[in-house]
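One structure is given below, encoded as structure tokens.
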Amino acid sequence: MIADPTAVRFPDPALPGVVWERTGVCNRCGDCCRSGDPFGTGHAGCPLLAELADGTTYCTVWGTDNPYWQNACRIWPSEPAHVVDYSRCSFRFRRVEG
């Protein structure tokens, strides 16, 4: 079996010993960025998310050395709970042994 090159693993901070494997790539729906707060600062959505006229979204700092992207966005979402309510999200999660 060939490993998925998009697979990234994250420990679940709320469940010791649980590790989530995320696969897929962002499809730019923007759902998790509109509601998510990777730093837990209480902001309602990401101020770096922009919307195009056709309704698709994009990150204004994606793939840059911007500290916000490097430390949060690059790894967001990191567990199923971050996207469970967003059917358009293209990321998938599976529980793996930690």
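Summary table below
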| read-out | value |
| --- | --- |
| Complete set of residues in region 37-60 that are at pLDDT 80 or above and among the β-branched types (Val, Ile, Thr) | Thr56, Thr57, Thr60 |
| Enumeration of residues in region 6-37 that are touching a strand residue (DSSP E or B) at 6+ places or on another chain (Cβ under 6 Å) and either on the phi > 0 side of the Ramachandran plot or part of a helix (DSSP H, G or I) (or both) | Gly24, Arg28, Gly30, Cys33 |
| Some residue of region 61-72 being among the hydroxyl-bearing types (Ser, Thr, Tyr) and closer than 16 Å to Arg28 by Cα | no |
| Region 46-98: number of residues that are closer than 11 Å to Arg22 by Cβ and in a loop (DSSP other than H, G, I, E, B) | 8 |
| Test for Glu97: is it modelled with pLDDT of 80 or more, touching a strand residue (DSSP E or B) at 6+ places or on another chain (Cβ under 9 Å), under 20 Å from Phe10 (Cα atoms) and acidic (Asp, Glu) | no |
| Tabulated pairs, region 60-78, first over 15 Å from Thr6 (Cβ atoms) and free of Cβ contacts under 8 Å to residues at least 12 places away in the same chain, second of a type in the set (Ser, Thr, Tyr) and part of a helix (DSSP H, G or I), C-beta under 8 angstrom, 6+ apart or interchain | none |
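The values are calculated or read from the model by the stated rules, or taken from the named source; none is laboratory data. Source: prediction; values computed, not measured. We place every Cβ from the backbone using ideal geometry, glycine too, and count neighbours over all the protein chains shown.
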